[in-house]
Amino acid sequence: KLILLDSLLQESSLKHKLRDYEGRYHGEPGREYVDTRPIFILGRNLTQDYLKTIEFGVEEGSVEVNQALSHMYKCLSVFMYEKIGNIEFLNKVAKLQKRRIRILENTVQNMKKFDQREKLTEVLEELGDLYMEMLELKQKKFERTAGNLEPRLLQKLAYLSLLGVRHYKTVLEAESQAYLCTEVPESTHQIIQQICEAENIFPQQFIGSPLTQVPKSYPDEVAKDAVKAIYTIGRFYNKVFTPIRKDQMQFTNLAILYYRLVVDYCSRNSQQSRLLSYEYNQSINSADLLQRQVRMQEEAEKQTATPENQ
């Protein structure tokens, strides 16, 4: 990251600070959190100083620097991940991830002011991965504090899940815009229709606009990101937890439908099978597992139902 910053700083006075820093720390990697934190603080301060010298959101270099800053936070959090069995360290990692999210969310908002489609897609993908990481950290906290829950932890879990759904719908829309066509295979049309009907039950401010169409096929250079977006929407729906059983079943059904959409696309575009093998295999297994769970739950309810309820 220091090399990246060096190329961005050019001949500014900050470059001399960077040269001095490289001379003192070359070949001395941080092996522990206490060794790495001072390096991180200096790198963070350099990026913040650089951003103050430009009109934020206008120069492409600012995007690169913010990505570098996000990655610095990620590198720092690595030293604590192995200790997240301890709730204190889990909270520290969550705080670092939250800062990364804020950095990239602000970057995305500023990037939308000027045309950088490819770079925007890259940052959106990185931000989407962060939402999933943050959600999984919150789930770990839920598991470790089940006997003494924070009052709003369940709300935070639901919020992050639906935020991920809305985010990846934005990614999918950006990836699909140029490749939409009127001819959609019948199998795809049926799945999308079921998704649309299921999503229309919930307010759009929670889950975004209902999915109405996906391309028949994506070019190879776009297919991986687009299909990953569909698959990840399914993952986020699968992670929604609500005490309202009817809503819970709807979210589970939506997860299954998005997994089926991935399988449908991959089966139809077999020439991209190697490229999409992970999403394809995971979607088959996840949809099968969820369908089994739904059937088992329904059978259990029938067995425990009273004659009056039946």
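The values are calculated or read from the model by the stated rules, or taken from the named source; none is laboratory data. Quick caveat: nothing in here was measured; it's all calculated off a predicted structure. Cβ sites come from the backbone with ideal geometry, for glycine too, and all protein chains shown count toward neighbours. We work out accessible area using only protein heavy atoms, side chains counted, and drop any ligands, DNA or RNA first. Shrake-Rupley method; radii C 1.70, N 1.55, O 1.52, S 1.80 Å.
Tabulated results
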{"quantity": "Only one of Pro151, Pro185 that is farther than 23 Å from Ser77 by Cβ and open to solvent by 70 Å² or more (accessible area, probe 1.4 Å)", "calculated": "Pro151"}
{"quantity": "Residues within segment 129-171 that are under 23 Å from Ala223 (Cα atoms) and at pLDDT below 90, tallied", "calculated": "2"}
{"quantity": "Residue within segment 195-209 that is in contact with a Gly (Cβ under 7 Å, 6 or more places away or on another chain) and surrounded by 15 or more Cβ atoms within 10 Å (Cβ to Cβ) present", "calculated": "no"}
{"quantity": "Identity of the residue in segment 154-182, small (Gly, Ala, Ser) and farther than 23 Å from Met134 by Cα, that ends up least open to solvent (accessible area, probe 1.4 Å)", "calculated": "Ser176"}
{"quantity": "Selection from segment 212-234 of residues that are buried (at least 17 other Cβ atoms within 10 Å of the Cβ) and among the acidic types (Asp, Glu)", "calculated": "Asp225"}
{"quantity": "Criterion violated by Ser187 - all others in (1) part of a helix (DSSP H, G or I); (2) under 30 Å from Arg102 (Cα atoms) satisfied", "calculated": "(2)"}
{"quantity": "Selection from segment 265-276 of residues that are open to solvent by 50 Å² or more (accessible area, probe 1.4 Å) and out of contact with any Lys or Arg (no Cβ under 9 Å at 6 or more places or on another chain)", "calculated": "Ser267, Ser270, Gln271, Ser273, Arg274"}
{"quantity": "Pair list, Cβ < 6 Å and 6+ apart or interchain, from segment 122-142 residues that are in contact (Cβ under 8 Å) with a residue 40 or more places away in the chain and closer than 23 Å to Gly85 by Cβ to residues that are surrounded by fewer than 17 Cβ atoms within 10 Å (Cβ to Cβ) and among the charged types (D, E, K, R)", "calculated": "Lys138/Lys156"}
{"quantity": "Residue among Ser283, Ser267, Ser209 that alone is on the phi < 0 side of the Ramachandran plot, among the small types (Gly, Ala, Ser) and in a loop (DSSP other than H, G, I, E, B)", "calculated": "Ser209"}
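Every residue, every condition in (1) in a helix (DSSP H, G or I); (2) open to solvent by less than 10 Å² (accessible area, probe 1.4 Å); (3) farther than 26 Å from Leu154 by Cα, yes or no:
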| residue | (1), (2), (3) |
| --- | --- |
| Phe236 | yes, yes, no |
| Phe241 | no, no, no |
| Val263 | yes, no, yes |
| Asp288 | yes, no, yes |
| Arg295 | yes, no, no |
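Here is a yes/no grid of residues against (1) β-branched (Val, Ile, Thr); (2) out of contact with any Cys (no Cβ under 8 Å at 6 or more places or on another chain); (3) at pLDDT below 95; (4) more than 19 Å from Val165 (Cβ to Cβ):
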site	(1), (2), (3), (4)
Arg235	no, yes, no, no
Val240	yes, yes, yes, no
Lys246	no, yes, yes, no
Tyr258	no, yes, no, no
Asn269	no, yes, yes, yes
Leu275	no, yes, yes, yes
Tyr280	no, no, no, yes
